Amino acid sequence: MSMEPSWVVTCDSGCSMEEAAAWSDDRISFQTSLTSHSDSVQLQVVEYASPALTPAPTTHDTCSDQDQVFKEAVEEVHANYLEIMQKKMHKFPPSLADVDGRYRVPVSVAIGPYHNGRPGMAEAEKMKNVAANQCVRDSTGSLQEMYNAVSFVSPDARNLCYQDESAKFRDDAFLPMMFLDACFLVQFMLWYQVEDGVIDLALDSYFYANFERIYTDIMMLENQIPWVVVQAILDFMPPGPSWPLKKFIIAMRNCLKNQKDDDDDDESIDVVTDNEPPHLLGLVWYYIVGENKKGEIPPGFRPMSLSMSVAELADVGITLAPMAKTEGGLVDMGLERKLPLSGVISVRPLCLTDANATWLVNMAAFELCRDYCFDDISDGNSAVCSYLQLFVMLLDKKEHVHDLREKGVIQGGGLTSEETLVFFIYIGKNMRVGRNYLKIMIEVEDFKQKMTCYLKLWLSIKKNRTRIMTVISAIGVVIGILSSLPALKPR
């Protein structure tokens, strides 16, 4: 008969004896099963004391007290709204409130506090324990060391979440949630490059059966945990010959492009090791957008239209064309003058599957929440908003969707033409104008202003070439008749 050891994971509360005396005697335990390296079942127990009731607030009667209250309130707002805006676990912005719930709410796996406990997630919750066990098996450290590492960053992670959401979880629930969710994400990302037989068979089967829904859910803005928690687990994974997440990033980027390239290798992306994303969505966004550069927007006010149809663009000599595979990310779309009398707006082809639609709208929501203003930021920081706004501008009827499909700008598969149109109508209602989109519209306006009378004449000829050829033929006939008249005169 073998012994069944149990893991006891403790967290130092950091309280003094006097502080501990103020805590109540009501104590609760969190338990979760983890399979050990052996066949025995191990038990980890995290025990916390419940804090005593908060004393009633002191009444402020004087102006000085009220002034102090306002100062403290302002400091709290600044700390939660300005100082951590870049890394906060945001919620969907009001400007995208009309977007369908299927692009915002997970259906297979809940990550973080915002959707934790949602119905229908029981299978994923079980698999999180299997993923945690796999991380322990693969780890270069012990379970205690991994748990302590997550515990160390847990206060920061809680501070990055909305207080009304994180307050629903005591530390004895919040910390295990962060640990299990991080292990699940790490195993899913590493699953793209591990060899068969390395990962737990049940977990491997679960990923194969549900990977499309999983990679849709984990790209939702409100279904994230801070990257510092994920990194805490990644740091314990054994080092490999290359960055362990390359295969995952390549796969995610190719899914957005609706392609699977057998010749893609580890060198097909430029890894930036010092990149510190706020969460997994931010990590994938970084490599989809492309090189984050800041182009200059010409200064000064200019009257211009912020919207033009495909027909209106064609009237001024501008057409749309899909980018080639190697021409860059979303940030690289723009107007290029091919000839003195024509221009081409090159844009990354859009394949609007259910997953891609979810990724795009959530990356746009991420950009809108992270930067309150797009005026003084790099072009890449609003690249997804600009990309979506271009299609909002171009699509007004189902026929427009068909036209762009014929041009190869919108690729087949995924949402129907009607669903695509509805998707962009809801997005375009209140979304902030991105820098790249604004630059394109300025370039289009400049292109229009620089059109000479020759260009207008050439476009008129092109538009009416059939009539012109008819007139020319008629003139030729008349000339032929006139030239033959002298031969008919009597000599």
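The values are calculated or read from the model by the stated rules, or taken from the named source; none is laboratory data. None of the values given here were measured: they were computed from a predicted structure. Using ideal geometry, Cβ is built from the backbone for each residue, glycine included, and neighbour counts are taken over all protein chains shown.
Worth pointing out:
- Every residue from segment 173-196 that is assigned to a helix (DSSP H, G or I) and surrounded by fewer than 18 Cβ atoms within 10 Å (Cβ to Cβ): Ala173
- Boolean, Leu415 is hydrophobic (A, V, I, L, M, F, W, C), in a helix (DSSP H, G or I) and either in the same structural domain as Val347 (by TED's automatic domain parsing) or modelled with pLDDT under 80 (or both): no
- Selection within segment 364-379 - buried (at least 22 other Cβ atoms within 10 Å of the Cβ) and over 26 Å from Leu415 (Cβ atoms): Asp379
- Where Gly329 falls short, out of the listed (1) crowded, with 19+ Cβ neighbours inside 10 Å; (2) at pLDDT 85 or above: (2)
- Residue that is surrounded by 15 or more Cβ atoms within 10 Å (Cβ to Cβ) and either under 15 Å from the mean Cα position of the chain (by Cα) or not assigned by TED's automatic domain parsing to the domain that holds Phe424 (or both), where the choices are Val361, Val347: Val361
- Any hit, segment 121-131, residues being assigned to a loop (DSSP other than H, G, I, E, B), touching a residue at least 12 places away in the same chain (Cβ under 8 Å), of a type in the set (S, T, N, Q) and over 30 Å from Met85 (Cα atoms): no
- In segment 190-221, the residues that are in contact (Cβ under 8 Å) with a residue 24 or more places away in the chain and of a type in the set (D, E, K, R): Asp200, Glu212, Arg213, Asp217
- Arg118 being in contact (Cβ under 8 Å) with a residue 60 or more places away in the chain, closer than 22 Å to Ala355 by Cβ and among the basic types (Lys, Arg): no
- Residue selected from segment 150-204 under the condition over 15 Å from Asn116 (Cβ atoms) and in contact with a Gly (Cβ under 9 Å, 6 or more places away or on another chain), by the criterion modelled with the lowest pLDDT: Gln193
- Residue count, segment 93-142 (criterion: of a type in the set (Lys, Arg) and touching a helix residue (DSSP H, G or I) at 6+ places or on another chain (Cβ under 7 Å)): 1
- When every residue of segment 191-198 is checked against the conditions, at least one turns out to be among the aliphatic types (A, V, I, L, M) and within 28 Å of Thr353 (Cα to Cα).
- Test: residue in segment 454-463 that is out of contact with any helix residue (DSSP H, G or I) (no Cβ under 7 Å at 6 or more places or on another chain) and modelled with pLDDT of 80 or more: no
- Some residue of segment 418-431 being more than 23 Å from Arg102 (Cα to Cα), in a helix (DSSP H, G or I) and either touching a His at 6+ places or on another chain (Cβ under 8 Å) or not β-branched (Val, Ile, Thr) (or both): no
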